[in-house]
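Working notes, beginning with the structure itself.
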Amino acid sequence: MPDQSITSSLRDRLVEDRDHLASQVAALEPGSGVGDDFDEGFADSGQVAAEQGENKVLAAQLRAELDEVERALEKLDDGSYGTCETCGEPIADARLEAMPATRYCIDHA
């Protein structure tokens, strides 16, 4: 597990990331009023469909990132944070600082 001061800082970053990602995902959900304000009478329905598809893809990517951040926070709580899920070796502090939600050391990334 990383140094305690690093862990505290990383937890703060992960919580901030989680909150930001959750708000972005919520904004892209159907009925949120954001991203679904397409004019159904618009002559280019293909363009509307393409934009709706892009929103769905973006929302899925953001949900996946959110899942990774939430998993990292769970690992912080259970004491397994900072350990590579493949080899069980500690993940370098520099890697955790660069990618706080990472699950793998540099050798298994």
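Would you pick out the residues in the range 57-109 that are farther than 26 Å from Glu29 by Cα and small (Gly, Ala, Ser)? Within the range 57-109, Gly79, Ser80, Gly82, Gly88, Ala92, Ala94, Ala98, Ala109 qualify. Among residues of the range 91-106 that are under 12 Å from Arg13 (Cβ atoms), those with a Cβ under 8 angstrom from a residue that is in a loop (DSSP other than H, G, I, E, B), sequence gap 6+ or separate chain, pair up as Leu96/Pro2; Leu96/Gly82; Leu96/Thr102. Across the range 23-37, the number of residues qualifying as closer than 20 Å to Asp67 by Cα and either modelled with pLDDT under 60 or part of a loop (DSSP other than H, G, I, E, B) (or both) comes to 2. Consider the range 1-16 and keep the residues that are of a type in the set (Asp, Glu) and modelled with pLDDT of 90 or more. The one that is nearest to the chain's Cα centre (by Cα) is Glu16.
Checking the range 38-48 against the condition returns no match, with no residue being over 27 Å from Thr102 (Cβ atoms), at pLDDT below 90 and in contact with a Leu (Cβ under 7 Å, 6 or more places away or on another chain). Look at Gly82 and say whether it is among the small types (Gly, Ala, Ser), farther than 13 Å from Leu21 by Cβ and surrounded by 19 or more Cβ atoms within 10 Å (Cβ to Cβ). Yes, satisfied.
All of (1) modelled with pLDDT of 95 or more; (2) in a helix (DSSP H, G or I); (3) aliphatic (A, V, I, L, M) hold for Ala59 with one exception: (1).
Tallying residues that are β-branched (Val, Ile, Thr) and assigned to a helix (DSSP H, G or I) within the range 62-86 yields 1.
The values are calculated or read from the model by the stated rules, or taken from the named source; none is laboratory data. Everything quoted here is computed from the prediction, not taken from an experiment. Note: ideal-geometry Cβ built from the backbone for every residue, glycine included; neighbour counts use all protein chains shown.
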